[in-house]
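Written below as structure tokens is the structure these notes are about.
The values are calculated or read from the model by the stated rules, or taken from the named source; none is laboratory data. Predicted, not measured: the structure shown is a model, and the values here were computed from it. We place every Cβ from the backbone using ideal geometry, glycine too, and count neighbours over all the protein chains shown.
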Amino acid sequence: MKPNALYSLYHHASISWLQITPLTTYLMTLMDAAVYHSNTLWLFTKSDFMTTMIPISLFAIVAAPLTSLRNLPHLVFWLWFHLLHFNTSNQTASLEDETNKPDRPLPAGRITLHTAVLLRWTLMPMCWALSLAYSKEVMFSSMALSAFTAMYNELGGSGSHFVFRYALNGLGFAAFEAGTALVAKDDKTFLDSAGWLAIFLSGSIFATTIYAQDFRDVVGDSLIDRDTIPLRFGSISRTVLLCGVVAWSIGLSCIWKLDISSAVAFVALGQFAGGRFMNYTTVEEDRKSYFYYNVWVSVAHILPGYWRIFRATT
């Protein structure tokens, strides 16, 4: 190849590299931004995977019941997207995260309050549109959850009397479960009586025992003067929680007609989970106890599946 031809090839390659480099830089910057913002969305929901994503996903699979594996990613995404909607509302309405959960997006400085509030209100119609794509009934569940979310966060329900606060917790979880259970089915317009009973029982469990989470958050709750059962009643609330968890374990064993061995194991799990709150009372131990409480809740949520498999046809 002649020298002039080599120079021409080199010159052309240099021009091409100079032309591609800005585009490459732009794409890399875009990818970095996408990763950063995706991680921010994840952090809005990260701490609620054990309390919400796992138990409600399991619940929908067995309570609906799940009619096709192709519905599984749909129910998981629907639940996560609505959890993101709730959490952006919750985390923009309270300052407790600065003490209780400093790794969340707002206290960590990953997003401004103005942008988070804008995201919160943008997500609401997006949740409705996503739900309507499945059915009107799923959309009604989404709208109910939006109403309970606003009542709990923006309208001050989280800071009101503890009875109203925990009732809203139960109703919110019931709305989560109704929508997720409907998405789990091929017919997304209908749940049978066992499915609705399971939703009612689950909402009631959360309404009467969810204050287990308040033991780990007692410092932040006291700073904002939130009315919680642990702050109002002190150590006696730990005994009441144990009694409540054991009572629910016995009641659910009867309602879902567990065999003796399964019932004994479930009651023992409830006694262990509730007993930890009585025997270990530091904030660090309360965090561990809350993990075992969520294990108990997750098991409670699969009991309708036991009934469907072993009792519904007998």
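Tally the residues that are farther than 21 Å from Ser298 by Cβ and of a type in the set (A, V, I, L, M), restricting the search to the range 152-197. So the count comes out to 4.
Only residues that are under 29 Å from His161 (Cβ atoms) and buried (at least 20 other Cβ atoms within 10 Å of the Cβ) were counted across the range 243-266, and they come to 4. Of all residues in the range 235-293, those being β-branched (Val, Ile, Thr), farther than 30 Å from Arg311 by Cβ and at pLDDT 95 or above number 3. Please indicate, with yes or no, whether at least one residue in the range 218-227 is surrounded by 15 or more Cβ atoms within 10 Å (Cβ to Cβ) and either among the acidic types (Asp, Glu) or within 18 Å of Gly275 (Cβ to Cβ) (or both). So far as the range 218-227 goes, yes, one or more of its residues are surrounded by 15 or more Cβ atoms within 10 Å (Cβ to Cβ) and either among the acidic types (Asp, Glu) or within 18 Å of Gly275 (Cβ to Cβ) (or both).
Taken as a whole, the condition of being among the polar types (S, T, N, Q), part of a loop (DSSP other than H, G, I, E, B) and closer than 30 Å to Ser193 by Cα applies to Thr313.
For the range 102-135, residues that are farther than 30 Å from Leu182 by Cα and outside any loop (DSSP other than H, G, I, E, B) total 3. Across the range 254-288, the number of residues qualifying as free of Cβ contacts under 8 Å to residues at least 60 places away in the same chain and part of a helix (DSSP H, G or I) comes to 24. Is the range 182-195 home to any residue that is surrounded by fewer than 22 Cβ atoms within 10 Å (Cβ to Cβ) and assigned to a helix (DSSP H, G or I)? Scanning the range 182-195, I find at least one residue that is surrounded by fewer than 22 Cβ atoms within 10 Å (Cβ to Cβ) and assigned to a helix (DSSP H, G or I), so the answer is yes.
Screening Glu284 against (1) in contact with a Cys (Cβ under 9 Å, 6 or more places away or on another chain); (2) surrounded by fewer than 22 Cβ atoms within 10 Å (Cβ to Cβ) leaves a single unmet condition, (1).
Within the range 175-223, the set of residues being in contact (Cβ under 8 Å) with a residue 60 or more places away in the chain, small (Gly, Ala, Ser) and closer than 16 Å to Ser141 by Cβ comprises Gly179, Ala181, Ala184, Gly195, Ala198, Ser202. Do we have any residue at all in the range 52-66 that's crowded, with 17+ Cβ neighbours inside 10 Å, touching a residue at least 60 places away in the same chain (Cβ under 8 Å), of a type in the set (S, T, N, Q) and closer than 24 Å to Thr189 by Cβ? Yes. Just so you know, in the range 89-101 the residues that are of a type in the set (Ser, Thr, Tyr) and farther than 18 Å from Gly179 by Cβ include one that is modelled with the highest pLDDT, and it is Thr92.
When you look at Ala60, is it aliphatic (A, V, I, L, M), in a helix (DSSP H, G or I) and under 16 Å from Ala174 (Cα atoms), yes or no? In short, yes. Here the range 126-158 is the region considered, the condition is being touching a residue at least 60 places away in the same chain (Cβ under 8 Å) and surrounded by fewer than 17 Cβ atoms within 10 Å (Cβ to Cβ), and the residue that is farthest from Leu223 (Cα to Cα) is Ala150.
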